[in-house]
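Quick note: the coordinates plus some simple rules give every number you see, no bench work behind them. Here the structure is a predicted model, which is why all the values come from computation and not from measurement. Neighbour counts run over all protein chains shown; Cβ positions are idealised from the backbone, glycine included.
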C-alpha cells in the first residue's frame, strides 16, 4: 500500500498536543506518548509493506524545485502539533526512494533486511555512544565477538578491528596504521620524522577514497600512484612492481599498497597473492579494500575463487551494509596486528579514558579511533548474524551470485537487444541496451558512442515512471553503460526479467 499522509490520525486530544506534552517533559503522559509512537510505527510498517510490493513504484520522482513545493521544510520558531509531526513522517517516506524495493538495482547497498532494521530501531532507542564499556557494556561485548569472528573468517588468529562510519574512513584507518607502523614518530613529530617522500599505490579502478587518503593525510595526490588495470578492471601486478621500483629510484619510500576486492563499477577482484608477494619484496603494507566484495568471504565457493591470499594482508576493509545486507551504515576495518589501532590513534583524554576504572579498560574502544563519538553500528549486524547464522549468510552470498549469472544468461539470450560488456566476477552486471535502430549494426566504437548516449535517456524515463532504478556511468575505456547491482535478498529471477524487459520498453524507440 502507498503511504497516504492523511490516513494516520491521532485522537483529537493527542493530535493537538506538542512534543512538550509527551515523555520525558510531561511525566504523566504515558498514554499519549504510546499513541504517538504507535502511529509512527504504523507508518513504518506500512512503508515496509510498500517496499516489498512489486506493484508499488520504486520512487515518486519530482525535480528539486517541484519537491520543495510539495514539502513543508521550514524549521519554525514554535513547535508544531503531534498530528503535524505524524504527517511529516508520512510525507517523508511517501517521497523517499524505496531502496529496499526488488526493482532497485542502483546502489551497492540495496534491500531492507527486517532483522537488521529491527536492530537499528533498538539501537536508536538505546541511544548510546560506543567509546567506553561503562555506557555501552552489552554493545561493546557484541562488537568484540562479531569482529573477532570476522577476523577468523579473513584467516587471522588475533588482531584488532573497529566499526567505522563507512568504507572511506575504514580505508583511512588502514592508511594511518600503515604509516604509524613504518614511522611511529610521525604521530608526534609529523613530516619532519620522514627521511623521504612517502608513496602509496592503488589500482586506477579503486574507490576514490584511497586517493583521498593521500590528500587528507598530507602525502598529496601526486604521491598516490594509480596502477593501470587490465580490460577486466584488475590491477596489473607487473605494473605495480615496475612503479614501486621507479619511485624507489627517485628516492621515495613506497609504504602502502591498496588492493581491491570488488571494484565499484566492474566488480573486479585484484590478484591478492601476487600483490602480497610484491608487498613482501618491497616492505609495503598490504591493504585490501573489500568494502564491496568482502561478503564473499562467507562463501566457501567464492572465497578462494575471488579472494585467495586475503589472509596475507595487513588490513582489510569489509562493509556488511553491502553484500551482507545489513542496514546502513555498517563498515568494518580489520588489522592483522593487535595494538596498532590504539598506538596510532590514542590521545588518552583523561575525562573519558581513565586508567583506574573498576573494570578491564581494554574494553574501552574510544581511544582506538580518531572520532571520539561513535555510532552503535554493531547491534543490527549482531542480530542479523544471529538470525541467519554463518551458513545463512553463505547461502545468501551464493544466491546473489546465482542471480547475477542468471542476468548474464538472459542478456546473452537477447543479444539483439543487449550487449554484455564482460563476464562479471561479482554481482555488478555491465551492459548496453541496443534500441531498434542500432540492431544488426556491427559493434564498433561509433556504435558504443551511440549506445552511451541513450543510457541517461532511459535512466530519466525509468525515474519519471518510477518503475525501476539501475545505475549507469562511463569508465576510462567506454562511454556510458548500465551497471545493475543485485545485493538485495528480495530479488528473484522474475525481478531480473522485469529489469531487462522494462529497459527494453523504455528504450526501444530511441
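Observations
- Cα gyration tensor shape for segment 386-507, rounded if a/c is under 1.5, else prolate or oblate: prolate
- Across the alpha-carbon atoms of segment 313-395, the computed radius of gyration and Dmax are 15.5, 47 angstrom.
- Peptides 89-97, 409-417 ranked from most to least packed give 89-97, 409-417, packing being the mean of other C-beta atoms within 10 angstrom over each peptide's residues.
- Three-way shape label, segment 129-375, alpha-carbon gyration tensor, a/c 1.5: oblate
- Cα gyration tensor, segment 196-256 - rounded (a/c under 1.5), prolate or oblate: oblate
- Remark: spin-label model distance residue 197-residue 125 equals 5.7 nm, labels positioned 7 Å along the Cα→Cβ axis.
- What the Cβ-Cβ distance of residue 358 and residue 445 gives, at R0 = 56 Å and to the nearest 0.05, is a FRET efficiency of 0.20.
- Whole-number percent relative contact order across the chain, with pairs defined as alpha carbons under 8 Å at least 6 apart: 19 percent
- 222 nm mean residue ellipticity, helices alone, for the chain (DSSP H n ≥ 4; -39,500 (n - 2.57); rounded to 500): -13500 deg cm²/dmol
- Expected-Rg normalisation [2.2 N^0.38 Å, Cα atoms] applied to segment 5-98: 1.22
- Value of Rg/Rh across the chain [Cα atoms, Kirkwood radius]: 1.00
- For peptides 501-509, 124-132, sequence by mean Cβ density within 10 Å, most packed first: 501-509, 124-132
- Under the criterion of Cα pairs below 8 Å and six or more residues apart, the relative contact order for segment 324-409 equals 35 percent.
- In segment 5-98, Cα pairs under 8 Å separated by at least six residues give a relative contact order of 48 percent.
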